[in-house]
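Report on the structure given below.
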Amino acid sequence: MSNEALSSGDYIKHHLQNWTFGQHPDGHWGFAHTAAEAKEMGFMAIHVDTMLWSIVLGVLFLYLFRKVARRAESGVPGGLQNFVEWIVEFIDNSVRGSFTAKNELVAPLALTVFVWIFLMNFMDLIPVDWLPSLAGVIGESVFGVDAHHVYFKVVPSTDPNATFGMAFSVFFLVLFYSVKIKGIGGFTGELTLQPFQSKNPVIQAMFVPVNFLLEFVSLIAKPISLALRLFGNMYAGEMIFILIALMFSASFTLGMFGGLLQLGWAIFHILIVTLQAFIFMTLTIVYLDMAHSEH
């Protein structure tokens, strides 16, 4: 894409717009060429770039770990095997330290959550113009679409659709195991009979709606906090990279300064990328442990 043809505001909006496929107001299905068209498509529209990179990175994760598992040997491990074994051991220790029940799903789920989110977050360290510019060239030369109308976000975790999708998946597992372990009566009791309790049946009945309100808000806050924490941190990080990228087109001096800022922020952002994946994984383990614990 040509930065000279875009104002700073247009440049920022272009990088924050997803490649969207959905139904247009006239009824036909297709890709949105403007942000307004994407908005008109409504809830059923699909962010193709988010889906594409999520699937590609998920397949990459499965391929690398399966490759190591098939070639694993008891002798001195190679570099990749050693790295994978270190990750698996790290996840195993995290699960053992936070999950007190017994469930063979939790450790593989924690491993998947951590590595998959880390890979999605890591895409934020790729210079912001590289892949969108390549997509613009392909769209213009192959499909005849104006490069300014080709949108291509490469960090799935900056899309709330992706973060909420993962958070709700964890939330559904929490509900499933809460009912499976405690039964419908036990789960209902947790929502209505605490934190306020009384031996007097009348007073206890009066506490039920208050308890339910408090516990229901606490329950719903789990997936919302999971999703918004990951989305907010990664979105803010991407925005800073975009703002720094604007400095490269200002002047040579600002461009040099922007290069130093980009390097410094990228080094610091490695911590954010890893930390957000770790937090999401840890909270997943903790929430599932709470679902297995009876009060």
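The values are calculated or read from the model by the stated rules, or taken from the named source; none is laboratory data. Since this is a predicted model, take the numbers as computed values, not measurements. Here the Cβ positions follow ideal geometry from the backbone for every residue, glycine too, while neighbour counts run over all protein chains shown.
Some notes on this structure:
- Residue within the range 159-166 that is farther than 19 Å from Ser293 by Cα, in contact with a Lys or Arg (Cβ under 9 Å, 6 or more places away or on another chain) and in a helix (DSSP H, G or I) present: yes
- Phe252 of a type in the set (Phe, Trp, Tyr) and surrounded by 12 or more Cβ atoms within 10 Å (Cβ to Cβ): no
- Annotation: Pro77 fulfils all but one of (1) closer than 30 Å to Gly264 by Cα; (2) surrounded by fewer than 20 Cβ atoms within 10 Å (Cβ to Cβ); the unmet one is (1).
- Considering the range 88-105, the residues that are closer than 25 Å to Ala72 by Cβ and among the polar types (S, T, N, Q) include one that is surrounded by the fewest Cβ atoms within 10 Å (Cβ to Cβ), namely Asn93.
- Any hit, the range 45-61, residues being within 23 Å of Asp124 (Cβ to Cβ), over 16 Å from the mean Cα position of the chain (by Cα) and not β-branched (Val, Ile, Thr): yes
- Filter result (of a type in the set (S, T, N, Q) and either buried (at least 22 other Cβ atoms within 10 Å of the Cβ) or in contact with a helix residue (DSSP H, G or I) (Cβ under 6 Å, 6 or more places away or on another chain) (or both)) within the range 136-158: Ser157, Thr158
- The set of residues in the range 149-208 being among the β-branched types (Val, Ile, Thr), within 30 Å of Glu238 (Cβ to Cβ) and in contact with a Ser or Thr (Cβ under 8 Å, 6 or more places away or on another chain) consists of Thr163, Val170.
- Residue check, Pro160 more than 21 Å from Ala266 (Cα to Cα) and at pLDDT 95 or above: yes
- Residue match in the range 217-224 (condition: of a type in the set (Gly, Ala, Ser), over 22 Å from Val56 (Cα atoms) and touching a Gly at 6+ places or on another chain (Cβ under 9 Å)): no
- You will find that of Ser218, Ser169, Ser141, Ser198, the residue that is part of a helix (DSSP H, G or I) and farther than 29 Å from Met281 by Cβ is Ser141 and no other.
- Any chance Thr112 is of a type in the set (Ser, Thr, Tyr), assigned to a loop (DSSP other than H, G, I, E, B) and closer than 23 Å to Phe172 by Cβ: no
- For the range 184-205, taking the residues that are of a type outside the set (A, V, I, L, M, F, W, C) and exposed (fewer than 13 other Cβ atoms within 10 Å of the Cβ), the one that is nearest to Leu173 (Cα to Cα) is identified as Gly185.
- Annotation note: Cβ proximity below 9 Å between a residue of the range 25-42 that is β-branched (Val, Ile, Thr) and a residue that is in a loop (DSSP other than H, G, I, E, B) (sequence gap 6+ or interchain) occurs for Thr34/Gln17.
- Test for Tyr63: is it aromatic (Phe, Trp, Tyr) and modelled with pLDDT under 95: no
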